[in-house]
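To keep things clear, I will list the structure first and then write my remarks on it.
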Amino acid sequence: MKNRGFTTNIIHSDRLGKPEHGSLHKPIHTSIAYGYEKAEDLAAVFQGTAQGYAYARQANPTVSALEKKVTAMEQGVASVCFSTGMAALAAVMTTLLRKGEHIVSSSFLFGNTNSLMNTLAGIGIEVTFVDATDVKNVEAALRPSTRMVVVETIANPATQIADMARIGALCQAKGIIYAVDNTLTSPYLFLPKTVKATLSINSLSKYFGGHGNALGGSVTDLGGFDWAAFPNILDIYKTPGSDPALFAMLQVRKKGLRDFGGTLAPEAAHTLSVGSETLALRMDRACGNASRLALHLSTHPKVKAVHYPGLPGHPQHSLAKELFKRPGALLSFVLSDGVDPFPFINRLKLAICSSNLGDNRTLIIPVAHTIFFEMGPARRASMGIEDGMMRLSVGIEDTEDLLEDFTQALG
Ligand SMILES: *Cc1c(COP(=O)(O)O)cnc(C)c1O
């Protein structure tokens with residue numbers, strides 16, 4: 001399987017798992033409980049000495065098929081899926097870290113992840129935010145209690161790219177967990193494994209599923225971390241004879257999924273799985289559209305600035321080229337002074353004013369007035385978010401139609 005192409009592997013992964021009746025898709029299993037003829041067999045599932053399903057809060061065959069698909073795409077060792085990307089992030093941090101320990105996080109973060117970090121700080125896990133586009137800032141923030149470094153591949157809305165390879169080398173040298181949120185790139189554009197990440201986290205709700213019709217999240221262990229030496233793995237999850245590479249995902253499943261219950265529904269798992277079959281096709285098309293739009297906007301007199309890693313003027317342009325297959329499908333731009341953002345957005349006929357990203361449809365949002373409103377003008381200024389800043393999640397529409405829509409709306 002591994003030698004074949006990205007899309008070939010996805011398209012055939014259910015079938016090669018030999019689902020019931022020769023079905024080509026893994027069916028949607030709706031039963032929440034599983035019956036056993038012999039009590040010993042159910043006990044063995046509970047005790048982890050046999051593979052099987054007991055209660056669907058922690059495992060379901062349809063969700064397992066998706067987990068295998070994500071693991072293969074990320075070239076990892078195991079994955080756990082969740083009801084949302086936030087559920088995955090929260091489970092990782094609360095189950096692998098302890099009170100008094102410390103996270104170094106990129107300050108350029110998805111807003112809700114930023115909010116989660118503040119929640120963690122309130123319950124005794126300390127967080128330091130740094131500009132992670134330079135590894136020196138990460139290194140300077142490390143403490144003896146630092147257990148995890150968290151970055152996103154492309155930050156939203158201003159598209160900063162973390163110094164990912166050097167941060168990976170630093171984390172490896174210090175034995176620190178390196179968690180990379182791969183949502184904006186997806187495993188098609190980028191493999192966090194190539195920068196020595198410990199965990200890759202994806203919001204499956206975005207590019208992975210791609211159609212804006214199902215929520216989901218995943219965490220994948222990329223196999224490079226020594227969990228046997230990590231103090232926070234409970235003894236019950238270090239089963240003798242089992243592979244230490246799987247300890248963390250077992251703990252995340254048991255403590256994170258079972259105890260907190262952020263379970264992915266089998267119907268959503270199926271929808272996301274079908275959506276992922278066209279990830280490469282959609283991503284190529286959306287990135288192509290984003291490149292064309294970024295170029296177009298960057299020469300428009302009513303646009304003051306465009307942030308897109310594919311533009312030569314982007315501060316991490318060469319890094320993006322080095323790391324990613326393509327520079328992504330998310331960009332932001334700042335309207336020139338005097339251009340009122342609301343009438344401009346209202347004139348757009350194709351781009352939809354909406355807070356999501358990673359949909360097939362092009363979505364636009366004025367960030368200062370919406371997702372970054374709550375944090376106030378001072379914090380917005382510190383994050384480089386101007387009042388006229390628009391975030392654009394570019395979809396798969398025909399390129400000329402998109403260019404025409406922006407031209408008429410700016411006109
Ligand atoms: C959307 C998003 C999340 C959260 O995912 P949900 O599935 O909406 O919970 C996390 N990280 C990034 C980078 C995102 O864009």
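When the criteria are applied in full, Val334 fails the requirement of being free of Cβ contacts under 8 Å to residues at least 60 places away in the same chain, buried (at least 17 other Cβ atoms within 10 Å of the Cβ) and touching a Phe, Trp or Tyr at 6+ places or on another chain (Cβ under 7 Å).
Condition first: part of a loop (DSSP other than H, G, I, E, B), without any contact (Cβ under 8 Å) to a residue 40 or more places away in the chain and at positive phi. Can you find one or more residues in region 248-269 that meet it? Checked against the condition, which is being part of a loop (DSSP other than H, G, I, E, B), without any contact (Cβ under 8 Å) to a residue 40 or more places away in the chain and at positive phi, region 248-269 yields no hits at all.
Answer yes or no as to whether Leu250 is closer than 21 Å to Ala90 by Cβ, more than 14 Å from the ligand (Cβ to nearest atom) and of a type in the set (A, V, I, L, M). Judged against the criteria, Leu250 is a match. In the condition set (1) buried (at least 24 other Cβ atoms within 10 Å of the Cβ); (2) farther than 19 Å from Ala87 by Cα, Ile176 is compliant with all but (1).
Need at least 2 residues that are β-branched (Val, Ile, Thr) and in contact (Cβ under 8 Å) with a residue 60 or more places away in the chain per element, so show me which helices (runs of 4 or more DSSP H) inside region 2-112 make the cut, counting only ones lying wholly within it. Let's see the steps before the verdict.
Numbers: elements: 6-16, 39-47, 61-74, 85-96.
Counting at least 2 such residues, we get 6-16, 61-74, 85-96.
If only residues of region 194-208 that are under 15 Å from Glu277 (Cα atoms) and surrounded by 24 or more Cβ atoms within 10 Å (Cβ to Cβ) are counted, the one that is nearest to the ligand (Cβ to nearest atom) is Ser205. Tell me yes or no: at least one residue of region 133-151 is within 11 Å of the ligand (Cβ to nearest atom), crowded, with 24+ Cβ neighbours inside 10 Å and modelled with pLDDT of 95 or more. Yes, region 133-151 contains a residue that is within 11 Å of the ligand (Cβ to nearest atom), crowded, with 24+ Cβ neighbours inside 10 Å and modelled with pLDDT of 95 or more.
So which of Gly22, Gly85, Gly48 is touching a Ser or Thr at 6+ places or on another chain (Cβ under 7 Å), at positive phi and not acidic (Asp, Glu)?
Going through Gly22, Gly85, Gly48 in turn, just one is touching a Ser or Thr at 6+ places or on another chain (Cβ under 7 Å), at positive phi and not acidic (Asp, Glu): Gly48.
Within the option set Ala305, Ala290, Ala294, being surrounded by fewer than 19 Cβ atoms within 10 Å (Cβ to Cβ) and either in contact (Cβ under 8 Å) with a residue 24 or more places away in the chain or not in a loop (DSSP other than H, G, I, E, B) (or both) holds for one residue only, Ala305.
The values are calculated or read from the model by the stated rules, or taken from the named source; none is laboratory data. These numbers come from a predicted model, not from an experiment. With ideal geometry, Cβ positions are generated from the backbone for all residues, glycine too; neighbour counts draw on all protein chains shown.
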